[in-house]
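The values are calculated or read from the model by the stated rules, or taken from the named source; none is laboratory data. Not measured: the values here are computed from a predicted model. Note that each Cβ is placed from the backbone with ideal geometry, even for glycine, and that neighbours are counted across all protein chains shown. The accessibility values were calculated without ligands, DNA or RNA, using every heavy atom of the protein model including side chains. Shrake-Rupley method; radii C 1.70, N 1.55, O 1.52, S 1.80 Å.
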Amino acid sequence: MNKKVLAVSLIAALGGLLFGFDTAVISGTTDALSKVFNLSSSLLGFTVASALIGTIIGAFSIGGPADKYGRKNCLKVIAFTYLCASLGTAFSWNWYSFLVFRFVGGIAVGASSVLAPMYIAEIVPSEYRGRMVALAQFNIVFGILLAFFSNLIVSYYVTGPAQWRWMLGVMAIPSVIFFILLFFIPFSPRWLVSKGRNEEAKKVLRYLSNNEEEAAASYKEITEFFKQESAKGKEVLFCKKYSKLIWLAVAIAAFNQLSGINAVLYYAPHIFQMAGAGVKASLLQSVIVGGTNLVFTMLALSVIDMFGRRKLMLVGSFGYIISLGILAATFFKYGTAFTSSSAVIVLASLILFIAAHAFGQGAVIWVFISEIFPNTVRAKGLALGSFTHWMMAAIISWTFPIIANISGGVIFTVYAVCMVGQLIWVLFVMPETKGVPLEQMNKKLGIE
């Protein structure tokens, strides 16, 4: 594969790193936030979910600007928004200001969850698309690990009431790096063609291709597809023609969060403390969970274009069901009276849970959603999938501390039952999309 394609994909995928960092960094601050702002379980859940409310808006609203101003320009705005949110939460002067800046950060997370995979899907050849789009997921996972590790380091070197502020403010550093690097990537050639900037599109394709022949072939395929789509008139997403694609995107996005993954990421130290771990130990165990996430994401990244999307989802579904079942049984048995051996069971089960997520849903979701929609409605389709994902994430994250305070066994049982539903969906509904050129995906999925 062209090294330039890899380099450009890596830079775009840094949006995923900030996405992951912002998602997980709050996990180390939940106890401090509860004390500083005097929050009940319900208000803590709302505080964590405030960012997710922003992600819903960011995901749902980014499609229009992405089509009008370009993926690259919108990514720059997102990077700057991340910077403002990280500094704003770090210097927040009361609970309301904290909520505002978490909400702003959430807008950036939601928008980047749509744009990063969309941009990468539009610049890479079909045979590498799964691997390259999954780079965004890899960086999300890497960002989560960095957040857990950063929280651990800050806990050792910063003490006192400002500790949580340092945990949140550190994200300003990668935000600045991402913003600078975005000036060195090209516009999406498919977006350029959609705007009639064909000569620029040719230059980008020559830059990203191995030779002139490959660039010419890609340009011909893209322009012919857009001519066909233009002849049909302006496309809208919510119509009978795309109903199958809409339900596929909504289903995979909803199941992703019904596993409880964001609750685990947001409240990992809290879960370990429920199982009897101390504060420092809970942060260290969170790093172990983050490391497992990274390793299995790398594994999935290396095989997703070989095995396909469905096989990874099947493996992940079984892993979810087993790990969540063990967690539910352990919390039902021990309640709040955990022993050292039962605490080890909780850690092992969460490691299996994260491994199952990273190898299955984590690696597949954004690849799958970015593939199934045609160019003319891809931004809107990705926005819908991301909107669904973050809407479910907000609900799960808001309710977790409330239900977990009642019974850890109940909450993990609910997630396990939902993953049985995902397994059935993968077996009987989900299509395989590996290796299919974007311009031929409609035919593959039976969309006329």
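Being open to solvent by 30 Å² or more (accessible area, probe 1.4 Å), in contact with a helix residue (DSSP H, G or I) (Cβ under 6 Å, 6 or more places away or on another chain), under 23 Å from residue 332 (Cα atoms) and hydrophobic (A, V, I, L, M, F, W, C) is the requirement here; does residue 411 meet it?
No.
Identify, by number, the condition in (1) more than 15 Å from the chain's Cα centre (by Cα); (2) of a type in the set (Ser, Thr, Tyr); (3) open to solvent by 10 Å² or more (accessible area, probe 1.4 Å) that residue 388 doesn't meet.
Single failed check for residue 388: (1).
Taking the criterion of being at positive phi and either in contact with a strand residue (DSSP E or B) (Cβ under 9 Å, 6 or more places away or on another chain) or open to solvent by 10 Å² or more (accessible area, probe 1.4 Å) (or both), would at least one residue in the stretch 313-325 satisfy it?
no
Restricting to the stretch 8-18, count the residues that are closer than 25 Å to residue 260 by Cβ and open to solvent by 10 Å² or more (accessible area, probe 1.4 Å).
1
For residue 165, are the conditions met, namely being surrounded by fewer than 24 Cβ atoms within 10 Å (Cβ to Cβ) and touching a Phe, Trp or Tyr at 6+ places or on another chain (Cβ under 9 Å)?
Considered against the rule, which asks whether it is surrounded by fewer than 24 Cβ atoms within 10 Å (Cβ to Cβ) and touching a Phe, Trp or Tyr at 6+ places or on another chain (Cβ under 9 Å), residue 165 comes out as yes.
Mind checking whether some residue in the stretch 264-287 is under 24 Å from residue 47 (Cβ atoms), in contact with a helix residue (DSSP H, G or I) (Cβ under 9 Å, 6 or more places away or on another chain), modelled with pLDDT of 85 or more and not hydrophobic (A, V, I, L, M, F, W, C)?
No, because not a single residue in the stretch 264-287 is under 24 Å from residue 47 (Cβ atoms), in contact with a helix residue (DSSP H, G or I) (Cβ under 9 Å, 6 or more places away or on another chain), modelled with pLDDT of 85 or more and not hydrophobic (A, V, I, L, M, F, W, C).
In this structure, does residue 431 turn out to be open to solvent by less than 40 Å² (accessible area, probe 1.4 Å) and outside any helix (DSSP H, G or I)?
yes
Would you check if there is a residue in the stretch 426-442 being modelled with pLDDT under 90 and β-branched (Val, Ile, Thr)?
Yes, that holds for at least one residue.
To keep it simple, each residue is scored yes or no on (1) over 26 Å from residue 80 (Cβ atoms); (2) touching a residue at least 40 places away in the same chain (Cβ under 8 Å); (3) in a helix (DSSP H, G or I).
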{"residue": "178", "(1), (2), (3)": "no, yes, yes"}
{"residue": "187", "(1), (2), (3)": "no, yes, no"}
{"residue": "203", "(1), (2), (3)": "yes, no, yes"}
{"residue": "216", "(1), (2), (3)": "yes, no, yes"}
{"residue": "220", "(1), (2), (3)": "yes, no, yes"}
{"residue": "237", "(1), (2), (3)": "yes, yes, no"}
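Looking only at the stretch 59-75, decide whether some residue is touching a Cys at 6+ places or on another chain (Cβ under 6 Å), farther than 24 Å from residue 173 by Cα and open to solvent by 40 Å² or more (accessible area, probe 1.4 Å).
yes
State the number of residues belonging to the stretch 214-246 that are open to solvent by 30 Å² or more (accessible area, probe 1.4 Å) and either modelled with pLDDT of 95 or more or in contact with a Gly (Cβ under 9 Å, 6 or more places away or on another chain) (or both).
1
Determine whether residue 53 is under 19 Å from the mean Cα position of the chain (by Cα), open to solvent by 10 Å² or more (accessible area, probe 1.4 Å) and in contact (Cβ under 8 Å) with a residue 60 or more places away in the chain.
yes
Only one residue in 156, 128 is more than 25 Å from residue 83 (Cβ to Cβ), within 22 Å of the chain's Cα centre (by Cα) and surrounded by fewer than 21 Cβ atoms within 10 Å (Cβ to Cβ). Which one?
Step by step, each of 156, 128 is checked, and only 128 is more than 25 Å from residue 83 (Cβ to Cβ), within 22 Å of the chain's Cα centre (by Cα) and surrounded by fewer than 21 Cβ atoms within 10 Å (Cβ to Cβ).
For residue 417, state whether it is at pLDDT 85 or above, open to solvent by 10 Å² or more (accessible area, probe 1.4 Å), under 17 Å from residue 259 (Cα atoms) and more than 23 Å from the chain's Cα centre (by Cα).
no
Kindly establish whether residue 307 is open to solvent by 30 Å² or more (accessible area, probe 1.4 Å) and closer than 25 Å to residue 389 by Cα.
yes
Exactly one of these conditions fails for residue 109: (1) farther than 19 Å from residue 21 by Cβ; (2) in contact (Cβ under 8 Å) with a residue 60 or more places away in the chain. Give me its number.
For residue 109, the exception is condition (1).
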